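Asks: Before I ask anything, let me first share the structure, which is written out below as structure tokens.
Each value in this text was obtained by applying a stated rule to the coordinates, not by laboratory testing. All figures in this text were calculated on a predicted structure; none of them were measured in a lab.
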Amino acid sequence: MDRQNQEKKPETIAARRTHILLRNGLFSLLQEIPFEKITLTELCRRSMVPRSTFYRYFDDKYDLLYCCMRDFLDQSKLDEDIIYLKNEDSMRKFMLEIIQIMESQKTAFLRVLRVNRDGIFMEIIRNCLIQILTEQLKGAQSHGLAPKIPLPIFTYLLVDFYISAVKCYLELPDQFGAEEFAENIFLFANRDFFL
């Protein structure tokens, strides 16, 4: 997949509108149909975007999903401090923001997880996140920040941590509010396990 086009934000109102319609259409379909069964025809119909317009912005549904993940992380303000788990305040804020996004549409996100549990969707999400974090970490390395462990191991473990945290939040009964859950994730990340 050619992701060069996705690095730039859509500049025109029409392009932004198209991106929003396609993201919303994909999110809606993911609540009903496993990702691998979503057709481009159905996605374009649900989004009210002509197929030719879709191809103006994306190569395929995988490219769209990658763009959605990048936008989600951009909105979550993922920066070097958070990626490297260095700054406690920014990590707390990041985890809280992720959980609040989940909380705002918890039923919908839970449906996406349940519908796509046995398919390829979670692996695709994982691979997208690994690619995005690897890109960001390579940029951080050029500024002198580098993990002690090899980058591929670090990104795999970090992505698995974030995915596990989100799945845990969605799958647990409503025992914890967003702030309490985010604080517990933060304690876990800081290895502050016991009283």
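Asks: Can you tell which of 105, 75, 136 shows the greatest fluctuation in a Gaussian network model of the chain with Cα springs below 10 Å?
Replies: Of 105, 75, 136, the Gaussian network model singles out 105 as fluctuating most.
Asks: Related question: How long is the gain from residue 100 to residue 123 if the chain were fully straight, where each residue apart is worth 0.36 nm and the alpha carbon distance is subtracted?
Replies: Here the answer is 5.9 nm.
Asks: From Cα pairs below 8 angstrom and at least 6 apart in sequence, can you work out the relative contact order of the chain, rounded to a whole percent?
Replies: Relative contact order comes out at 25 percent.
Asks: Over the C-alpha atoms of the range 4-68, what are the Rg and the largest Cα-to-Cα span, Dmax, in Å?
Replies: My reading of the Cα-based Rg and Dmax gives 11.0, 32 Å.
Asks: Okay, moving on. Evaluate the Kirkwood expression for the hydrodynamic radius of the chain, namely the inverse of the mean inverse distance over all pairs of different C-alpha atoms, and round to one decimal in Å.
Replies: About 18.0 Å, per the Kirkwood formula over Cα pairs.
Asks: Now for a separate question. Strictly greater than 18 Å: what percent of every Cα pair in the range 76-189 meets that?
Replies: 53
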